[in-house]
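The values are calculated or read from the model by the stated rules, or taken from the named source; none is laboratory data. Because the structure is predicted, anything quoted here is derived from the model rather than measured. FYI the Cβ positions are ideal-geometry reconstructions off the backbone, even for glycines, and counts take in every protein chain you see. Please note that ligands, DNA and RNA were not included when accessible areas were found on the heavy atoms of the full protein model with its side chains. Shrake-Rupley method; radii C 1.70, N 1.55, O 1.52, S 1.80 Å.
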Amino acid sequence: QVQLVESGGGLVQAGDSLRLSCAVSGRTFSIYAVGWLRQAPGKERQFVAAISRGGGTTSYAGDVKGRFTISRDNARSTVYLQMNSLKPDDTAVYYCAAGLSTASIAAGGNRGSWGQGTQVTVSS
């Protein structure tokens with residue numbers, strides 16, 4: 001099993017920035033990509049961003065492209081999501097996901113265990 005632990009959320013004003021962290025542990029030999037999904041009240045969980053194991057491939061949802069940046073710290077087994085120019089529509093619980101490819105994560109998949117997520121709230 002792959003364990004995923006999210007952190008870094010908070011309450012910020014529109015235009016501010018946050019950096020989320022995802023600690024990945026367990027049977028990571030079977031994981032080739034890690035990413036982020038989010039779920040807002042009344043909405044389905046949706047893809048945000050993903051990165052390949054080596055960091056050479058990244059993928060972003062259209063709504064966050066140009067504002068969010070995903071990166072990987074291989075030594076610490078941590079994936080980050082730098083969120084800039086935050087908007088109220090970014091308000092959601094953010095979850096980390098692990099999979100065989102960035103495409104599988106973009107489709108909403110997760111081969112790891114779902115964590116508690118981290119709450120991001122953006123006020124106008």
Residue in the range 103-118 that is of a type in the set (S, T, N, Q) and farther than 18 Å from residue 47 by Cβ present: yes
Tabulated pairs, the range 22-38, first on the phi > 0 side of the Ramachandran plot and assigned to a strand (DSSP E or B), second modelled with pLDDT of 90 or more and open to solvent by 20 Å² or more (accessible area, probe 1.4 Å), C-beta under 9 angstrom, 6+ apart or interchain: 26/3
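When you check residue 94 against the structure, is it open to solvent by 20 Å² or more (accessible area, probe 1.4 Å) and either touching a Lys or Arg at 6+ places or on another chain (Cβ under 8 Å) or under 26 Å from residue 123 (Cβ atoms) (or both), yes or no?
In short, no.
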In the range 12-53, the residues that are open to solvent by 70 Å² or more (accessible area, probe 1.4 Å) and more than 11 Å from the chain's Cα centre (by Cα): 13, 27, 29, 32, 41, 42, 43, 44, 45, 53
Residue within the range 84-97 that is farther than 20 Å from residue 10 by Cα and touching a helix residue (DSSP H, G or I) at 6+ places or on another chain (Cβ under 6 Å) present: no
Hits in the range 42-76 - residues which are small (Gly, Ala, Ser) and either over 19 Å from residue 119 (Cβ atoms) or part of a loop (DSSP other than H, G, I, E, B) (or both): 42, 50, 52, 54, 55, 56, 59, 61, 62, 66, 71, 75
Residue match in the range 84-91 (condition: within 16 Å of residue 31 (Cα to Cα), open to solvent by less than 60 Å² (accessible area, probe 1.4 Å), without any contact (Cβ under 8 Å) to a residue 60 or more places away in the chain and not β-branched (Val, Ile, Thr)): no
Within the range 64-81, tally of residues that are surrounded by fewer than 15 Cβ atoms within 10 Å (Cβ to Cβ) and at negative phi: 6
Residue in the range 105-115 that is part of a loop (DSSP other than H, G, I, E, B), within 16 Å of residue 24 (Cα to Cα) and in contact with a Lys or Arg (Cβ under 8 Å, 6 or more places away or on another chain) present: no
